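Take a look at the structure set out below.
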Amino acid sequence: MTHNIYVYILLSGLVSYLIRVLPLTLIRKPIRNVWLRSFLYYVPYATLAVMTFPAILYASRSPIASFAALLAGGALALRGRSLPVVAAVCCITVFLLESILLHS
Amino acid sequence: MTQMKNAFFRGIQDGTPIGLGYAAVSFSLGIAMRNAGMTWYQGFLLSLVNLASAGQYADLQVIAADGAYLEIVLVTLVANARYLLMSTALSQKFSPRTPMRHRFFTAYAVTDELFGLAIHQDGYLNPHYYYGAMSMAVPGWCIGTALGILAGNILPESIVSALSISLYGMFLAIILPPARHDRVIAAVVLCGFALSTLTQYIPFLSTMTAGTKTIILTILIAGCAAWLFPHTEDDHDA
């Protein structure tokens, strides 16, 4: 079955807005439950980690180039380098390695 | 009236660097959307209604795989769940005398960065300050997305391939620095990498779509971490 892209967009937008508007209008109380607070605190790290690996390996045309970008970018991120620097180094690594690997 | 204007212009000032940063991130997101076959106006629209990087990337996984409508609802809910925390904190920053309608408008643009601006204001939040910052951040996010998709269609394949990795680089730059100082976050990230890899290559589990995998693993990992290592600090900047 093929789904309509605009229904996807509408549904995602609706959920995004409800998550943000309900606490600001109806709930209006701080979340006190420690488990829920902790869960919400850890969620972004879990989501981004799950979405990053191994998907990053298939992001460029060469898994080897992607893996090298992961190592280079990961090392810089661990040293606390800023987001644009890490992203740029990943791109340059892929570009250079692909031009060697895919043209030989 | 002038006070309202002043607050709005202060918001524009503080929102400008955020808008520029958003344009760079959403450009990368646009490249990923283009690779999934979305047009520039579909990408613009998805960015306009969501205003969320991780959430939109998770949506993209479902869209690319032609997943069920329920899947996009759940994946958006999980990937954006942290906004519940921010919105409840922001709720406390509103003066009881501020009309209700401002809560509805402000809610549209609760993002990590705009929330950070709002929470660091002295005293109650002036909604017009928030609107000023939104007026820079929202167009930056939406136009960046559209430009990313258009650029992906025009640029040579070697450049597009290199740019496709940038979004993942940004994800690394978000999750790895805190992992250095917080062992629980480090464990959460490593579990995320490991379980995501396992589910990708184990024959039975690999039939799971990327969206479903993101939902199940996020709930599992963040749920266990919260149960084993409750995070007690007051995380206003979460």
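None of the figures in this text is laboratory data; all of them are computed from the coordinates on show. Bear in mind that the values here come from a model prediction, so they are computed numbers and not experimental data. Because the Cβ atoms are built from the backbone with ideal geometry, glycine has one as well, and the counts that use them run over all protein chains shown.
Springs join every pair of Cα atoms under 10 Å in this Gaussian network model of chain B, and among B:LEU48, B:LEU85, B:LEU20 the largest mean-square fluctuation is at B:LEU85. Projecting the Cα atoms of A:VAL21, B:ALA162, B:ALA146 onto the charge dipole of the protein assembly as shown (Cβ charges, centred on the Cα centre) puts A:VAL21 farthest toward the positive pole. Here the gap between B:TYR41 and B:ILE154, fully extended at 0.36 nm per residue and compared with their Cα-Cα distance, gives a gain of 39.1 nm. Around the Cα centre of the range B:1-95, unit charges on the Cβ atoms of Lys, Arg, Asp and Glu (plus for the first two, minus for the last two) sum to a dipole of about 400 debye. Once the gyration tensor of the Cα atoms in chain B is diagonalised, the equivalent ellipsoid follows with semi-axes of 31, 24, 16 Å, ordered largest first. At a Förster radius of 25 Å, what calculated FRET efficiency corresponds to the Cβ-Cβ distance of B:GLN121 and A:LEU18, to the nearest 0.05? After rounding, the FRET efficiency stands at 0.50. Taking trypsin sites (Lys or Arg not before Pro) in DSSP loop conformation with at most 12 other Cβ atoms inside 10 Å as exposed sites, chain A has its longest uninterrupted site-free stretch at A:33-78. What separates the Cα centres of the range A:27-104 and the range B:66-135 is a distance of 25 Å.
In terms of overall dimensions, the C-alpha atoms belonging to the range B:10-139 reach 46, 29, 20 Å along their principal axes, ordered largest to smallest. Kirkwood analysis of the Cα pair distances in chain A returns a hydrodynamic radius of 17.3 Å. Just B:ALA225, B:ALA133, B:ALA58 to compare: in a GNM of chain B, with alpha carbon springs under 10 Å, which one fluctuates most? Looking only at B:ALA225, B:ALA133, B:ALA58, the biggest GNM fluctuation is shown by B:ALA225. When the Cα positions of A:ALA59, A:LEU96, A:VAL86 are compared along the charge dipole of the range A:5-101, A:VAL86 comes out farthest toward the positive end, with charges on each C-beta of Lys, Arg, Asp and Glu. The sum of -39500 (n - 2.57) across all DSSP H runs of n ≥ 4, divided by the residue count of the protein assembly as shown, sets its helix-only mean residue ellipticity at 222 nm to -25000 deg cm²/dmol. For chain A, modelled as a GNM whose springs connect Cα atoms under 10 angstrom apart, the maximal fluctuation among A:THR93, A:THR52, A:THR25 occurs at A:THR25.
With r as the distance between the Cβ atoms of B:LEU20 and B:PHE104 and R0 = 22 Å, compute the FRET efficiency 1/(1 + (r/R0)^6) and round to 0.05. Mind dumping the intermediate values first?
On the way: r = 27 Å, r/R0 = 1.24.
Once rounded, the FRET efficiency stands at 0.20.
Per residue of A:2-9, other chain Cβ atoms within 10 Å of the residue Cβ number 6 on average.
Taking every residue in B:140-152 and counting other chain Cβ atoms within 10 Å of its Cβ, the average works out to 0. Taking the number of Cβ atoms within 10 Å of each Cβ as an exposure proxy, the fewest-first ranking of B:GLU113, B:GLU157 is B:GLU157, B:GLU113. Sparse packing (at most 11 other Cβ atoms within 10 Å of the Cβ) combined with a DSSP loop state is found for the following chymotrypsin sites (Phe, Trp or Tyr not before Pro) in the range B:141-221: B:PHE204. Extension gain for B:LEU228-B:LEU198 works out to 8.6 nm (0.36 nm per residue, less the C-alpha to C-alpha distance).
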